[in-house]
Amino acid sequence: MITFSIRPFNKEDWISVSKIYSEGINSGIATFETQVPTWEQWNQKYISSCRIVAISNSEVVGFGVLSLVSKRDVYKGVAEVSVYVASSFKGQHIGEALLKQLINESEENGFWTLQAVIFSENIASIALHKKCGFRVVGTREKIGQLQGKWHDNYFLERRSKVF
């Protein structure tokens, strides 16, 4: 088992984070994105208060972020969670630590519901989210195509016990 710590994301982490995100894209079951966004695009998409990275031996080995699900005021406490771990560090409980930290930070920042949209083939991610208190609320059948193949997404949510 490796040792790692979690700290807030710094802009200097972007190169490492983008490489990990690229691995997720290449997996074919982590995102419908086909290209890594620019720093500016990524920075606009994710909430600045809830961005974290996992560090092992001074190397970024995973990250977690939140994005708003809507700009409408009524949904200001609802966010979508994204957690990615470098492929060479999977199975080390890094994703679990990142998700638990994101849950804590989300509650400290006024979020009462977290959502996750996960490819049905991504069994490990679904299990991780369930372990951290998410529940499947539905399946979005054939919601999108990636490389000519239709994919279902599981829609999961976690309601905070703080609010």
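Here, each number is a calculation from the coordinates, and none is a lab measurement. None of these values were measured; they are calculated from a predicted model. FYI the Cβ positions are ideal-geometry reconstructions off the backbone, even for glycines, and counts take in every protein chain you see.
Let a ≥ b ≥ c be the square roots of the eigenvalues of the Cα gyration tensor of the chain; is it rounded (a/c under 1.5), or, if not, prolate (a/b larger than b/c) or oblate? Judged from the Cα gyration tensor, the chain comes out rounded (a/c under 1.5).
Using a Cα-Cα cut-off of under 17 Å, which aspartates and glutamates could be cross-linked to Lys90, ignoring same-chain neighbours fewer than 8 residues away? Of all the aspartates and glutamates, those that pass the test against Lys90 - Cα under 17 Å, at least 8 places apart if same chain - are Glu23, Glu59, Glu121. Farthest toward the positive end of the dipole of the chain, out of Ile94, Ile118, Ile52, is the Cα of Ile118, where the dipole comes from beta carbon charges about the Cα centre. The ranking of His129, His151 from fewest to most other beta carbons within 10 Å of each one's beta carbon is His151, His129.
Given axes a ≥ b ≥ c from the Cα gyration tensor, I'd like to know whether region 110-163 is rounded (a/c under 1.5), prolate (a/b larger than b/c) or oblate. In terms of gyration-tensor shape, prolate. Amide H contacts of Arg51: Phe9, each under 5 Å away and 5 or more positions distant or on a separate chain (H built 1.01 Å from N in the peptide plane; Pro and chain starts excluded).
Cross-link partners of Lys11 among aspartates and glutamates, defined as those whose alpha carbon lies under 13 angstrom from its own and excluding same-chain residues fewer than eight positions apart: Glu40.
This model, with +1 at the C-beta of Lys and Arg and -1 at the C-beta of Asp and Glu, gives the chain a dipole about its Cα centre of some 380 debye. Counting Lys and Arg as +1 and Asp and Glu as -1 over every other residue whose Cβ lies under 14 Å from the Cβ of Gln44, the net charge comes to +3. Here region 27-47 is scanned for amide nitrogen atoms under 16 Å from the site 7 Å beyond the Cα of Lys149 along Cα-to-Cβ, giving 27-34. For the chain, the relative contact order is 19 percent, taking Cα pairs closer than 8 Å that sit 6 or more residues apart in sequence and dividing their mean separation by the residue count. Among Lys71/Lys149; Lys100/Lys161; Lys71/Lys100; Lys76/Lys100, which pairs are too far apart, with a Cα-Cα distance over 19 Å? The answer is Lys71/Lys149; Lys71/Lys100; Lys76/Lys100. Using the Karplus relation 6.51 cos²θ - 1.76 cosθ + 1.60 with θ = phi - 60°, the per-residue 3J(HN,Hα) values for region 65-72 come to 9, 10, 10, 5, 8, 7, 8, 5 Hz, with x marking Gly and Pro.
Report, in deg cm²/dmol and to the nearest 500, the calculated mean residue ellipticity at 222 nm for the chain, where each DSSP H run with n ≥ 4 adds -39500 (n - 2.57) and the sum is divided by the residue count. Don't skip to the end; give the middle numbers.
Numbers: 4 runs with 45 residues, N = 163.
The helix contribution divided over the chain gives -8500 deg cm²/dmol.
Computed from the Cβ-Cβ distance with R0 of 25 Å, the FRET efficiency linking Lys161 to Ser49 stands at 0.80. Summing +1 for each Lys or Arg and -1 for each Asp or Glu among the other residues whose beta-carbon sits under 12 angstrom from that of Lys19 gives -3.
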